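Worksheet for the structure shown next.
Just so you know, all these numbers are worked out from the coordinates, no wet-lab data involved. Bear in mind that the values here come from a model prediction, so they are computed numbers and not experimental data. Positions of Cβ are generated from backbone atoms using ideal geometry, with glycine treated the same way; all protein chains shown enter the neighbour counts.
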Amino acid sequence: MGQLIAVILNVMVLLLVPLGLLQVHTVIQAHNELLEISAAAAKYVSNHGGVNDAVVQQQVKSVISRELREKQFSLPEQDVAVSIFRTQSADPVMWSHEDEFLLRLEIPYPRFTTLLPTSSRTLAVSRQGTINVMDYDL
Amino acid sequence: MGINLLSISTLLFFLLIGLFVVDTDLAMQKKQEVKTLLELANHHASFAVDPVLKTEGVIDLIEEEALIRFAERVRENGGYLMEAASFIPATNSVTTDPIPFVRHYIDFRSWRQDWELHLRYNGSALVLERITPGARNQDGGRLRILVTTKQGEVLQLAPKTMVGPSHIVVAYVDERPFLSMLPGHAFPVVSVEEVKR
């Protein structure tokens with residue numbers, strides 16, 4: 001009997017370790033993808049500006065969806081919550097030269113298995129950027 | 001007894017493989033993220049244009065202000081604090097060891113010329129050893145950056161062609177492995193940004 005319990009415990013521990021490792025791997029991968037798409041989106045906004053908030057928001061979304069598709073990332077597009085706003089602005093509507101913005105992308109905390117508890121419910125990355133556009137670009 | 005020995009060795013084997021995978025993941029993340037960090041910060045720094053010279057049609061950078069702007073972004077985007085010639089990581093930063101860096105500005109008089117920057121990493125600091133000018137180039141000079149590592153190996157970073165006065169930042173990431181049996185990660189990262197008009 002004792003033998004049997006020991007074997008069962010052994011197997012459980014044996015399974016738990018690869019499970020934990022895969023969970024860590026999943027989180028790092030998702031974080032990597034998030035870092036990369038947010039960098040691409042921040043760079044895009046930095047170099048393009050935009051005529052108003054809605055246009056910028058739309059552009060960011062399309063950059064993200066393009067990045068996810070082209071790089072064959074595993075993050076589902078609808079899971080990525082985008083928030084972008086200006087922290088410094090010259091014009092109330094137009095996103096123009098030298099304006100600064102904060103981009104924040106958030107996804108539900110990636111999990112490989114629901115067996116293991118996670119420390120947080122979401123994973124987020126934020127990027128602060130500065131816009132560089134000439135007037136004739138708009 | 002036999003089964004215990006077997007399961008423990010399987011466990012260790014899984015752990016070992018897992019550690020290698022996670023270590024590789026992290027190394028990739030570090031390289032990409034430090035590069036992004038430098039680019040975003042240098043982009044912001046290159047807005048520190050001298051307003052007086054600008055009215056005379058000359059685009060030039062105020063280096064002190066550029067450095068302040070650079071430090072600002074490195075803190076906001078990566079959590080790093082700038083101290084002397086290093087970025088000190090916070091607990092949530094992508095790297096765990098301080099990152100030494102060197103910055104150099106090629107102004108409006110000299111960007112139409114080729115330049116070669118020789119840097120050396122001595123194990124704790126990154127030093128700009130010498131800067132040698134090359135041929136003049138009306139379309140914008142070519143920039144070659146060479147970094148000598150701790151082991152004496154010379155790494156040549158991808159050459160860049162300047163399109164205006166340029167602010168250059170080179171950082172050297174040298175991370176201790178989180179287990180002594182894993183290899184450490186050491187590599188230079190460079191960002192070149194032309195000064196914004």
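Remarks
- Sparsely packed chymotrypsin sites (Phe, Trp or Tyr not before Pro) within segment B:1-108, loop by DSSP, other Cβ within 10 Å at most 16: B:Phe108
- Peptide A:41-52 is shielded by partner chain Cβ atoms: per residue, an average of 1 of them sit within 10 Å of its Cβ.
- Between the C-alpha center of segment B:92-143 and that of segment B:13-34 there is a gap of 30 Å.
- Cα-based helix-to-principal-axis angle, A:2-48 vs chain A, degrees rounded to 10: 10 degrees
- Mean projection of the Cα convex hull over all viewing directions, computed for the protein assembly as shown: 21.2 nm².
- Between B:Phe20 and A:Leu115, the distance separating the two model label sites (each 7 Å from Cα on the Cα→Cβ line) works out to 2.4 nm.
- Entry note, chain A: the mean residue ellipticity at 222 nm calculated from DSSP H runs of n ≥ 4, each adding -39500 (n - 2.57), is -17000 deg cm²/dmol after division by the residues and rounding to the nearest 500.
- For segment B:2-194, lysine pairs separated by 8 or more sequence positions, or belonging to different chains, with Cα-Cα distances below 26 Å total 8.
- The share of C-alpha pairs in segment B:1-67 whose separation exceeds 15 Å stands at 72 percent.
- Sites counted here are GluC sites (Glu not before Pro) in a DSSP loop (not H, G, I, E or B) having no more than 15 other Cβ atoms within 10 Å; the longest part of chain B that contains none of them is B:57-152.
- Listed residues B:Asn122, A:Leu19, A:Met1: farthest to the positive end of the dipole of the protein assembly as shown (Cβ charges): A:Met1
- Note on chain B: helix-only mean residue ellipticity at 222 nm, from DSSP H runs of 4+ residues weighted -39500 (n - 2.57) and normalised by residue number, equals -11500 deg cm²/dmol.
- Kirkwood hydrodynamic radius (C-alpha pairs) into Stokes-Einstein, chain A, 10 °C and 1.306 mPa s, D in µm²/s: 92 µm²/s
- Segment B:173-193 and segment A:21-86: distance between their alpha carbon centers, rounded to Å: 26 Å
- A viscosity of 0.692 mPa s and a temperature of 37 °C, combined with the Kirkwood radius over Cα pairs in Stokes-Einstein, give a translational diffusion coefficient for segment B:98-197 of 229 µm²/s.
- Relative to the longest principal axis of the Cα atoms of chain A, the long axis of helix A:53-70 lies at roughly 50 degrees.
- Note on segment B:2-194: semi-axes of the ellipsoid equivalent to its C-alpha gyration tensor, largest first and rounded to whole Å, are 40, 18, 13.
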